[in-house]
Amino acid sequence: MSKPTVIAVSNQKGGVGKTTTALNLGVGLASEGKKVLLVDMDPQASLTISLGWQRPDDLQTTVATLMSKVMNGQGINPGEGILHHPEGVDLVPSSIELSGMEVSLVNAMSREKILKQYLENVKKDYDFVILDCMPSLGMLTVNALSAANQVLVPVQANYLSAKGLEQLLDTVNKVKQQINPRLKIEGILLTMVDSRTNFTKDISQLIRDTYGGKIKVFKTDIPRSIRAAETTVEGKSIFAHDPHGKVAEAYKDLTKEVLNHAEKRIKRQSPQL
């Protein structure tokens, strides 16, 4: 099997649809027959809660436990701490314990690569690993960027979100230069798009004009929807909650774009016969 694609879903701004995107892209890929591992890298544990584990702080093993074991040189058993969701994705959950990890990492050896070291043992069982990053550019996000080979950037179609992109792209470049030369931007994904307003159309165009030459902007826009927000309470994806709705259709299209991109990349990497 070819190497797995590790995608960090990242933006230091909150409320741009990172968790919704990580969850629905993961389930979308699983529905296409891919083996998918989701990793919740946010101490608020939104992804863990959205997948139905409503009390993350009661979980015995989370990503913080596993990263601590790596830092302390302890062994990790196969499958340890990985939860299985009925829609075909696996999850390494998070909890508030992860917020202490940011502090512990400061004094750790190879502190930017603790998550990467954990994933080295796990990712061989998967086609895609999707990391849901916290809304900051701290040490946990740097760990995610160090472990990833792609960054998917959800951006809300408004002016402030567009402005915040510069900072994130700057961090991605630093990580690429100093820690992870293989890191590439998978693309910018416009989320919460209200196609009825001219303002949204203008911002979408602005982002495409500003970055489209250097960075891929996904053809798919994710529309604004109350239905999408409701899914977090139910512990399931938009595909299970509202399969024929416009958001499910959009995430299906995004899944296809990501798959096409991955297939092209694999072809480029494979030795020519």
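The values are calculated or read from the model by the stated rules, or taken from the named source; none is laboratory data. Keep in mind that this is a model prediction, so the values were computed, not measured. A quick note on method: Cβ atoms are made from the backbone with ideal geometry, for glycine too, and the neighbour counts reach across all protein chains shown. Each accessible area value is taken on the protein alone, full model and side chains, heavy atoms only, with ligands, DNA and RNA left out. Shrake-Rupley method; radii C 1.70, N 1.55, O 1.52, S 1.80 Å.
Could you list, in sequence order, the residues of the stretch 246-273 that are at pLDDT below 90 and farther than 17 Å from Asn149 by Cα?
First, pick out the residues of the stretch 246-273 that are at pLDDT below 90: 261-273.
Hits for the stretch 246-273 are Pro271, Gln272, Leu273.
Pairs needed: first member in the stretch 92-109, within 18 Å of Trp53 (Cβ to Cβ); second member anywhere, open to solvent by 10 Å² or more (accessible area, probe 1.4 Å) and of a type in the set (Val, Ile, Thr); C-beta distance under 7 Å; at least 6 residues apart or different chains.
Listed pairs, sorted by first residue: Val92/Ile82.
Name the residues in the stretch 48-105 that are closer than 21 Å to Leu23 by Cβ and β-branched (Val, Ile, Thr), would you?
Thr48, Ile49, Thr61, Thr62, Val63, Ile82, Val89, Val92, Ile96
If Val193 satisfies every condition in (1) more than 29 Å from Val142 (Cβ to Cβ); (2) at pLDDT 85 or above; (3) open to solvent by 80 Å² or more (accessible area, probe 1.4 Å) but one, which is the exception?
Going through the list (1) more than 29 Å from Val142 (Cβ to Cβ); (2) at pLDDT 85 or above; (3) open to solvent by 80 Å² or more (accessible area, probe 1.4 Å), Val193 breaks only (3).
For residues that are part of a helix (DSSP H, G or I) and charged (D, E, K, R), scanning just the stretch 57-92, find the one that is surrounded by the fewest Cβ atoms within 10 Å (Cβ to Cβ). Give the derivation first.
Taking the stretch 57-92 first, the residues part of a helix (DSSP H, G or I) are 57-58, 63-71.
From what is left, the residues that are charged (D, E, K, R) are 57-58, 69.
Numbers: Asp57: 11, Asp58: 8, Lys69: 18.
Going through the qualifying residues, I end up with Asp58.
Quick one: which of Ser95, Ser31 is open to solvent by less than 20 Å² (accessible area, probe 1.4 Å), farther than 25 Å from Leu183 by Cβ and within 20 Å of the chain's Cα centre (by Cα)? Walk me through it before giving the result.
Details: Ser31 fails: open to solvent by less than 20 Å² (accessible area, probe 1.4 Å).
Sole residue among the options that is open to solvent by less than 20 Å² (accessible area, probe 1.4 Å), farther than 25 Å from Leu183 by Cβ and within 20 Å of the chain's Cα centre (by Cα): Ser95.
Give the residue, chosen from Gln150, Gln178, that is open to solvent by 10 Å² or more (accessible area, probe 1.4 Å) and within 30 Å of Asn107 (Cα to Cα).
Gln178
Consider the stretch 98-140. How many of its residues are among the charged types (D, E, K, R), surrounded by fewer than 16 Cβ atoms within 10 Å (Cβ to Cβ) and under 15 Å from Ala64 (Cα atoms)?
Going through the stretch 98-140, the residues among the charged types (D, E, K, R) turn out to be 102, 111-113, 116, 120, 123-125, 127, 132.
This time we only want the ones that are surrounded by fewer than 16 Cβ atoms within 10 Å (Cβ to Cβ), so: 111, 120, 124-125.
Within this subset, residues satisfying the condition of being under 15 Å from Ala64 (Cα atoms) are 111.
So the answer is 1.
Of the residues that sit in the stretch 205-239 and are crowded, with 18+ Cβ neighbours inside 10 Å and among the charged types (D, E, K, R), which one is modelled with the lowest pLDDT?
Out of the qualifying residues, it is Arg224.
Taking the stretch 240-272 only, how many residues are assigned to a loop (DSSP other than H, G, I, E, B) and open to solvent by 40 Å² or more (accessible area, probe 1.4 Å)?
In the first step, residues of the stretch 240-272 are kept if they are assigned to a loop (DSSP other than H, G, I, E, B); the result is 242-245, 270-272.
Then keep just the ones that are open to solvent by 40 Å² or more (accessible area, probe 1.4 Å); that gives 243-244, 270-272.
Going through the stretch 240-272 one residue at a time, the tally reaches 5.
Which of (1) open to solvent by less than 10 Å² (accessible area, probe 1.4 Å); (2) of a type in the set (S, T, N, Q); (3) outside any loop (DSSP other than H, G, I, E, B) does Thr19 not meet, given it meets every other one?
The one condition Thr19 does not meet is (1).
Which condition does Gln12 not pass, out of (1) closer than 21 Å to Thr141 by Cβ; (2) surrounded by fewer than 24 Cβ atoms within 10 Å (Cβ to Cβ); (3) at pLDDT 95 or above, if it passes all the others?
Failing condition for Gln12: (3).
Identify all residues within the stretch 154-172 that are over 18 Å from Val6 (Cβ atoms) and open to solvent by less than 100 Å² (accessible area, probe 1.4 Å); write none if there are none. Break it down into steps so the answer makes sense when it comes.
Of all residues in the stretch 154-172, those over 18 Å from Val6 (Cβ atoms) come to 155-167, 169-170.
Selection gives Val155, Gln156, Ala157, Asn158, Ser161, Ala162, Gly164, Leu165, Leu169, Asp170.
Looking only at the stretch 110-120, which residues are in contact (Cβ under 8 Å) with a residue 24 or more places away in the chain and over 19 Å from the mean Cα position of the chain (by Cα)? Don't jump to the end; show me each part of the working.
First pass over the stretch 110-120, keeping only residues in contact (Cβ under 8 Å) with a residue 24 or more places away in the chain: 111-119.
Scanning the stretch 110-120 gives a single hit, Arg111.
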